[in-house]
Amino acid sequence: MDTARDNSTHTLMLCDFDGTVSVKDTVNNLVRSHVSSPEWRYHVKRYLRGEIGSYGVYQAVAPLMRMTRADLAAFVKEHAELDPAFPKFLQWAESRGIHVKIVSDGFDATIETLFREHGITGLEIFANHLEMDERGGVTITSPHTAPQCGKCGTCKLEILRGFRSAYDRIILVGDGTSDRHAATEADLVLALKHLFVYCAQENLPAVRVQGFHEIPWLMEREIKAIAFDMDGTLIESLDTITDSFNHMFRTLGYPTMTREEVIRKTSISLLDFVRSYLEPHHHDEGVRVFREYYDTIYKTRTTVIPNALETLQALDGTVAQGVVTNKRGQYARLIAEHFGFADRMARIIGAEDGFKAKPSGEMFHEFMRHVGSAQETTIYVGDSPLDVDAARNAGIDSFAVAGPMYTAEELALQGPRRVLHDIGDLPAALRRLL
């Protein structure tokens with residue numbers, strides 16, 4: 001491994017292959033298509049039970065495989081599929097002085113065959129070595145396994161560590177289980193599929209990507225405007241809302257809700273909530289009773305989320321800030337004034353301000369029009385799946401903040417661009433990635 005520093009670059013991108021560079025996973029198909037005995041299933045079951053790693057599976061199934069180079073070429077043609085944006089991504093990386101290398105727990109012969117078909121040359125590949133003899137015998141060796149562990153055929157973490165002294169920054173691009181260990185020490189993870197959820201669970205710095213077409217603009221874009229959700233993101237008002245709903249329920253003769261039930265059911269607007277849980281003839285009365293009671297307690301019972309005010313202050317002068325909330329706009333503006341952050345907001349938009357409530361994108365479009373920002377440079381920061389859906393409907397990215405309402409895993413599964421564990425992590429997450 002050549003770890004000598006190249007003065008033209010300080011950034012390395014390590015790219016997984018199966019499910020990442022190749023949008024189709026080739027390893028399982030390759031083994032399944034070329035084994036001569038059903039015994040291979042036993043070894044795969046041991047792998048799934050965690051008794052052995054990929055290294056053990058490869059050593060066990062290689063003697064059971066029969067494949068020629070012609071067979072491999074035919075297999076790759078039928079079953080491998082290069083991300084169509086990958087060649088253009090390589091051109092972009094080269095133009096920025098970024099080094100790209102392939103790290104795969106699959107097979108070098110598969111990768112090399114696919115790259116030849118697409119005219120891709122010069123990429124250093126770290127993978128298990130697949131060798132075929134003239135009679136169709138198969139040998140699999142793992143030159144990049146970690147002897148002290150021996151689980152994975154290719155230890156991506158050890159490869160990353162081997163390059164650490166040669167680069168100021170190492171970025172991992174991957175999608176699955178074999179990328180997890182490397183993700184713990186990468187400076188940034190560009191994560192597809194299951195890897196994004198894992199990184200969110202483990203609080204690792206990760207940006208969700210859908211393919212290589214997104215990477216150049218994500219790495220280079222500058223965020224110019226941020227709309228914030230209010231309840232659960234900037235302010236803590238669950239007790240206030242729970243008390244007000246239960247006062248409404250008791251007044252009108254309905255069963256009350258626990259705080260946990262309210263947490264899961266109040267992301268929608270007050271009007272939608274009332275329509276969902278009260279009889280039609282109680283809708284108007286329910287709204288009136290809720291608001292009259294809420295007016296008497298919201299200033300004393302509502303608090304600011306820890307680190308929220310410090311975050312807003314840190315962002316002053318760097319981005320346009322605003323609030324988009326399903327809370328009634330009048331309340332949202334009064335609360336912002338009460339806690340001293342109204343002046344920081346270019347626009348505070350809420351329910352009954354003349355726009356459809358979330359998950360509609362109408363309020364976001366008004367915010368962007370007001371501050372003059374584009375969809376590509378605007379994000380929404382919220383704490384619920386509804387917030388992620390609303391941002392998607394508005395055509396903008398969302399950053400989801402895990403908290404008492406929804407866990408990092410639950411939020412990651414909804415597909416935000418990033419998952420944060422604390423609102424205080426936002427300023428660092430907004431820095432330009434490249």
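Pick the calculated Cα Rg over 2.2 N^0.38 Å for this structure from (i) 1.19; (ii) 0.97; (iii) 0.90?
Entry (i).
When averaged across all projection directions, what area in nm² does the alpha-carbon convex hull of the range 252-391 cover?
Mean projected area of the Cα convex hull: 9.3 nm².
Rank VAL23, VAL189, VAL419 by mean-square fluctuation in a GNM of the chain with C-alpha springs under 10 angstrom and give only the top-ranked residue.
VAL23
Extending each Cα 7 Å along its Cβ direction at GLU292 and THR377, get the distance between those two points in nm, one decimal.
Those two pseudo-labels are separated by 4.9 nm.
Springs between alpha-carbon pairs under 10 angstrom, Gaussian network model over the chain: which of LEU14, LEU160, LEU252 fluctuates most?
LEU252
Over the Cα atoms of the range 30-135, what Rg and Dmax result, in angstrom?
Considering the range 30-135 through its Cα atoms, Rg and Dmax are 16.1, 49 Å.
Roll a 1.4 angstrom probe over the protein heavy atoms and tell me the percent of accessible area of the range 282-434 that is carbon or sulfur.
Of all accessible area on the range 282-434, carbon and sulfur atoms account for 47 percent.
Take the alpha-carbon centre of the range 76-146, take the same for the range 178-215, and report the distance between them in whole Å.
The range 76-146 and the range 178-215 have Cα centres separated by 20 Å.
Relative contact order (percent) for the range 350-399, with alpha-carbon contacts under 8 angstrom and 6 or more residues of separation?
38 percent
With +1 on each Lys and Arg Cβ and -1 on each Asp and Glu Cβ, and nothing else charged, work out how big the dipole of the chain is about its Cα centre, in Debye to the nearest 20.
220 debye
Got a sec to turn the phi values of the range 132-146 into Karplus ³J(HN,Hα) couplings, 6.51 cos²θ - 1.76 cosθ + 1.60 with θ = phi - 60°, whole Hz, x for Gly and Pro?
After applying 6.51 cos²θ - 1.76 cosθ + 1.60, I find 10, 9, 5, 8, x, x, 10, 10, 10, 10, 10, x, 10, 6, 9 Hz.
Modelled label-to-label distance, GLU410 and THR68, 7 Å Cα→beta-carbon offset: nm?
Inter-label distance under the simple model: 5.8 nm.
Would any residue of the range 184-215 have its amide N under 13 Å from a label point 7 Å out along Cα→Cβ of CYS149? List them or say none.
Backbone N within reach: 184-186.
Given Cβ point charges of +1 (Lys, Arg) and -1 (Asp, Glu) and nothing else, what value in debye, to the nearest 20, does the dipole of the range 247-371 about its Cα centre take?
140 debye
Counting Lys and Arg as +1 and Asp and Glu as -1, what is the net charge of the other residues whose Cβ lies under 14 Å from the Cβ of LEU160?
Here the count lands on -2.
List the GluC sites (Glu not before Pro) within the range 336-421 that fall in a DSSP loop (any state other than H, G, I, E or B) and whose Cβ has at most 16 other Cβ atoms within 10 Å.
GLU352
Apply the Debye scattering formula to the range 12-91, with a single equal point scatterer on each alpha-carbon and no solvent, then give log10 I(q)/I(0) at q = 0.12, 0.16, 0.17, 0.24 Å⁻¹.
Treating every Cα as an identical point scatterer, log10 I(q)/I(0) equals -0.44, -0.73, -0.80, -1.14.
Taking 60 Å as R0, compute the FRET efficiency from the Cβ-Cβ separation of ARG32 and LYS356 and round it to 0.05.
The pair ARG32/LYS356 has a calculated efficiency of 0.75.
Relative to the present Cα-Cα distance, how much length would full extension add between ARG169 and ARG221 at 0.36 nm per residue of separation?
Net length gain for the segment: 16.9 nm.
How charged is the neighbourhood of PHE341? Take every other residue with its Cβ under 12 Å from the Cβ of PHE341, and add Lys/Arg as +1 and Asp/Glu as -1.
Here the count lands on -2.
Which of ARG135, ARG208, ARG32 moves the most in a Gaussian network model of the chain with Cα springs under 10 Å?
Fluctuation is largest for ARG135.
GLY137: net charge of surrounding residues, Cβ under 13 Å, Lys/Arg +1, Asp/Glu -1, itself excluded?
Around GLY137, the surrounding residues sum to -1.
Accessible area per residue, 1.4 Å probe, Å², for the chain: what's the number?
Spelled out: the 1.4 Å probe surface of the chain, per residue, equals 44 Å².
Can you give the helix-only mean residue ellipticity at 222 nm for the chain, where every DSSP H stretch with n ≥ 4 adds -39500 (n - 2.57) and the sum goes over all residues, rounded to the nearest 500 deg cm²/dmol?
-11500 deg cm²/dmol, from helical runs alone.
Roughly what would the spin-label model give for THR256 and ALA428, points 7 Å off Cα along C-beta, in nm?
4.1 nm
The values are calculated or read from the model by the stated rules, or taken from the named source; none is laboratory data. It should be emphasised that the depicted structure is a prediction, and the values quoted were computed from it without experimental measurement. When we count neighbours, we look across all protein chains shown, and the Cβ atoms used for this are built from the backbone with ideal geometry, even at glycine. Heads up: the accessible areas ignore ligands, DNA and RNA and are worked out on the full protein's heavy atoms, side chains in. Shrake-Rupley method; radii C 1.70, N 1.55, O 1.52, S 1.80 Å.
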